[in-house]
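Engineer: Take this structure first; my questions come after.
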Amino acid sequence: MDNKDIIVDEIRRVVNLLGREDITRNEFLENTQIVSVRDLENTFGGWSDAYLATGFKPTKWHSISNEDLFKEYSRLLKLLGHYPLGVTGYKEISDNSKYRGGVYKKRFSGGLKQFAIEYLKWLKTNSNEKVDVVIKPKPLKIEVHEEIETIDTVSIEGPKSKNRFYYGNAAEYLVVSELLFRGYNAQKLPVDEGLDVFAVKNKELYLLQVKHSEYEKPSESRSIQITISSLERNKGSNVFYILVLSRKQPSQRDFLILPYSKVDELIKIGAIKQENKAQHISFKVLHKNPNDAFIGDYKERCEVSRYLNAWDVLL
C-alpha cells in the first residue's frame, strides 16, 4: 500500500471509533485490518508523521509533566475509589483517564505500584491537593450451578490436605479487613512481587507481605518462609511482614507485625537463618505464654512480643 489518502482515512476512522484523538500506534494497529507497520513506515516514515498528516496532534507521553499526571491521577482515584494496580488497574486507567495506562506505567521504574508511591510523595508536598479515596467495594457475584458435588469433609479437615493457596489468600483478605477497620485504604496487590497488600493512610504508604502459619503445638508455629529475592527487592521503613498465626480454634488468631528493619536485624544476629544455598529464610514463632512471642529461640534478643497484635503501635 502506497496511498497516503487511504492510510489517513483509516486513521481518522479508528479515531472516531475509539472516540478520542490521543490514540497510539498500537491502538490503531489493533483496530485496522488494512494498514500494517510496514505501510506506515514505507509511506510516512513512521506513526508520528502519519498521525500528523491526519490533522491530529499526537500526545507524546514523555512530554506530559509529572504534576499533570499526578493531578489526573488524583481525579482518577476519586472516581475509582481505589489505587489502580496490575493488569486490571492498567485497563481501569486507560478506560477512565485522558492518558493511557502505559503513560503511568512507564513514568517510573517499577510500574503502576511505583507510580502510586511517587504520587504519595508528591501529595505530601502539595497540601492543597486533597484526595479522600472512599473504598467502593465491587458487587459480589455468586454463580449457582445445578450440579451438586459431594465433599469428603474428613479429608478436608486433615492438615496435610489443606490448600495453602486458599489459606494464604484468606490471610491476605484478613489483613486487608483489619486495616480497613482501622481507617486505612487497603487492597490486595494483583501481582505477586513479594508484597501482598498495599495500604495508605494520612498520605503514608505501607507495603505488606502476609504469611500464614498454623501451630504444630501450643507453643510453636509451623515453619514460615520468606524468599531471599523478596527480602532484597523490598526494603524500606514502609515495608512490613505480617504473620497471621492460627491456633486450633478459629477465634484464636494472632498477628505478628514485623517491620523490615526488625526482620533484617533478626537475620544479622542469627535468629533467622538461611540454610545452605537455600533461596529462602525459614523460622518458627515460639511462645512461653499467649502474650509473648519469640523468633527461633527463647533468648532475649529473639523476643518480638512488642510486635504481637501491635497494629496501632506500628502502623
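Engineer: Do me a favour and compute the ellipsoid semi-axes for region 4-58 from its Cα gyration tensor, root of five times each eigenvalue, largest one first, whole Å.
Structural biologist: 15, 12, 10
Engineer: Based on the mean of other beta carbon atoms within 10 Å per residue, what is the order of 220-232, 72-84, most packed first?
Structural biologist: For the peptides 220-232, 72-84, the packing ranking is 72-84, 220-232.
Engineer: I would also like to ask the following. Provide, as a two-decimal number, the C-alpha radius of gyration of region 201-315 over 2.2 N^0.38 Å, N being how many residues it has.
Structural biologist: For region 201-315, the normalised Cα radius of gyration is 1.04.
Engineer: Please compute the modelled spin-label separation between Asn3 and Glu216, points set 7 Å along Cα→Cβ, answer in nm with one decimal.
Structural biologist: Placing both labels 7 Å beyond Cα along the Cβ direction yields 7.6 nm.
Read the figures in this text as sums done on the coordinates, not as results from a lab. In this text, all values refer to a predicted model and were calculated from it rather than measured experimentally. As a convention, Cβ positions derive from the backbone with ideal geometry for all residues, glycine included, and neighbour counts pool all protein chains shown.
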